[in-house]
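I have placed the structure first, in the form of structure tokens, so that the comments after it can refer back to it.
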Amino acid sequence: MSQARAWSVALLGIDGTMVEVEAAISSGLPRTTMVGLPDTALYEARDRCRAAMAAAGRGWPSDPVTINLSPATLPKAGSHYDLAIAAAVAAAGHRFDPASLEGTALFGELGLDGRVRAVRGLLPAILAAAGRGFHRVVVPAAQMREAALVEGVSVAGAADLSDLFDVLTGGAGALVPPPLAESADPRPPLDLADVAGQVEAKWALEVAAAGRHHLYLHGPPGVGKTLLAERLPGLLPDLGVAEALEVSAVHSLAGVNLDAGLVRRPPYADPHHSASMASLVGGGARIAMPGAVSRAHRGVLFLDEAPEFSPRVMEALRVPLESGRIVLARAAATATYPASFQLVLAANPCPCGMAGTPGGNCRCPPMVVRRYATRVSGPILDRIDISQELRPARAAFLESRYAPGESTAVVADRVRAARDRQRHRLEGTGWRTNGEVPGPALRKRLPLPDGSELLDVAVARGRLSSRGVDRVLRLAWTVADLAGADRPTREHLHTALAMRRGGTGMEAA
């Protein structure tokens with residue numbers, strides 16, 4: 001009996017476990033057996049690999065072949081094990097020295113003609129391999145740019161099985177694809193100056209961007225709720241290297257092409273209100289895949305027409321809003337994905353949108369209006385920092401609509417300055433923005449604002465919960481940071497309370 005082994009990675013969430021792919025060739029009638037808890041796509045790899053090696057002129061052993069994926073108790077899914085299986089079987093058949101597989105992790109799906117196809121989750125898989133001391137990876141040639149994003153690892157590309165054998169016998173493999181040609185984005189940039197009027201709402205958007213606070217926009221149709229939400233990502237600073245790697249790893253699992261490099265801008269996800277639970281928080285039969293909350297990690301998750309979402313789907317946001325991660329438990333395995341997003345909700349006052357609007361002609365019965373207003377539950381709203389009502393345009397708007405407002409670049413500069421103050425104040429804590437600081441640390445590490453008795457009065461009157469007190473304190477610090485103050489004053493705290501309760505806060509800003 002001859003044996004050989006190769007290495008690949010099993011992903012649970014964005015965490016990877018090294019998988020030893022063992023191949024043993026014995027004597028007897030031809031058959032191929034695969035063990036080690038493979039899913040259907042992986043179990044069919046034996047047929048793909050056999051056909052691919054035959055098409056490439058390498059041949060499949062005519063003796064019994066046993067392929068073991070170790071650890072055998074870990075569920076394994078996906079087609080990215082094909083290269084490792086083919087390499088292990090070829091090494092066991094003495095096609096090359098098995099020692100050439102040491103320290104090398106292999107990823108790629110094989111076509112029946114021997115071509116190597118791209119796979120999902122390549123970036124987190126390589127990060128896992130690099131973290132466990134592997135110094136070389138063999139990847140599909142089309143994904144060499146993505147693989148090169150991980151430092152300290154030698155990348156070899158394989159366009160087909162011939163390239164794979166070339167690499168494993170000392171060759172260089174496929175050539176690095178040429179750099180992507182720069183092309184103009186056909187979509188015009190979203191500028192805050194495009195939103196006419198709504199000064200109070202723009203101020204709320206600026207505060208939300210500066211402190212990474214959740215935002216609830218409510219008002220009649222056509223007042224600019226969606227326009228404002230779409231412009232929030234443009235106010236946010238670029239991601240740092242560590243953040244960009246984390247975000248890019250999630251997007252790689254979701255099948256996003258990373259040829260252009262790491263995701264440097266905060267992502268933006270806006271699922272339709274008919275979205276299912278699995279599409280929003282993630283899901284899958286055996287090993288759950290990331291949903292919209294994870295694709296919006298370090299960015300913005302916008303839920304337009306929030307009351308139209310299924311209550312069950314909305315309630316699933318409670319835990320990630322507090323913990324910044326989503327844990328998806330299945331019978332076979334538990335996957336954990338990062339989900340530290342900035343939530344923006346938008347809602348109309350009633351199904352027809354005209355309830356409470358001056359001069360509006362609401363056709364909804366009072367019971368329908370009340371029921372619609374409660375479709376976003378109290379526990380979800382209690383986790384929202386800023387509640388902002390948008391009002392319909394008035395005659396003054398018609399006179400000033402051609403006067404340009406502040407551009408995204410101008411507001412983003414103020415947001416960046418406020419973020420710098422927060423980063424300096426929170427240095428060494430692991431937090432970077434006011435919205436991330438936990439309540440106990442907020443009260444113990446930072447001085448209370450002047451006028452804290454306002455909070456006592458609000459709690460005594462039932463206007464604030466304990467969670468609400470912490471969120472008001474975070475807001476007060478953000479307002480102070482935008483004003484360039486060293487600590488929040490009574491006016492800043494008053495502004496934060498007004499924004500929390502749904503006022504404009506502009507009178508004290």
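Among the residues of segment 128-140, just one is assigned to a helix (DSSP H, G or I) and either crowded, with 24+ Cβ neighbours inside 10 Å or not assigned by TED's automatic domain parsing to the domain that holds ALA156 (or both), namely ALA129. As for segment 281-295, it holds at least one residue that is in contact (Cβ under 8 Å) with a residue 12 or more places away in the chain, on the phi > 0 side of the Ramachandran plot and surrounded by 23 or more Cβ atoms within 10 Å (Cβ to Cβ). Listed conditions (1) outside any helix (DSSP H, G or I); (2) at pLDDT 85 or above; (3) surrounded by 13 or more Cβ atoms within 10 Å (Cβ to Cβ) are all met by VAL479, apart from (1). Scan segment 316-373 for residues that are in a helix (DSSP H, G or I) and closer than 28 Å to VAL437 by Cβ and the total you get is 6. Evaluation of ALA441 against the conditions (1) free of Cβ contacts under 8 Å to residues at least 12 places away in the same chain; (2) in a helix (DSSP H, G or I); (3) within 27 Å of ARG383 (Cβ to Cβ) shows that the sole unmet condition is (1). The condition of being surrounded by 15 or more Cβ atoms within 10 Å (Cβ to Cβ), closer than 24 Å to HIS214 by Cβ and not assigned by TED's automatic domain parsing to the domain that holds PRO38 does not hold for VAL369. Taken over segment 225-259, the criterion of being among the aliphatic types (A, V, I, L, M) and within 27 Å of LEU122 (Cα to Cα) is satisfied by LEU239, VAL241, ALA242, ALA244, LEU245, VAL247, ALA249, VAL250, LEU253, ALA254, VAL256, LEU258. Set side by side, the residues LEU442, LEU426, LEU446, LEU497 differ, and just one is in the same structural domain as GLY234 (by TED's automatic domain parsing) and within 26 Å of GLU389 (Cα to Cα), which is LEU497. Remark: GLY28 falls outside the filter, which requires a residue to be of a type outside the set (Phe, Trp, Tyr), out of contact with any Lys or Arg (no Cβ under 6 Å at 6 or more places or on another chain) and closer than 24 Å to ALA118 by Cβ.
Looking only at residues in segment 39-59 that are buried (at least 16 other Cβ atoms within 10 Å of the Cβ) and either free of Cβ contacts under 8 Å to residues at least 40 places away in the same chain or not assigned by TED's automatic domain parsing to the domain that holds ALA77 (or both), the one that is nearest to ALA285 (Cα to Cα) is ALA41.
The values are calculated or read from the model by the stated rules, or taken from the named source; none is laboratory data. Just so it is clear, the model here is predicted, and its values are computed rather than measured. As a convention, Cβ positions derive from the backbone with ideal geometry for all residues, glycine included, and neighbour counts pool all protein chains shown.
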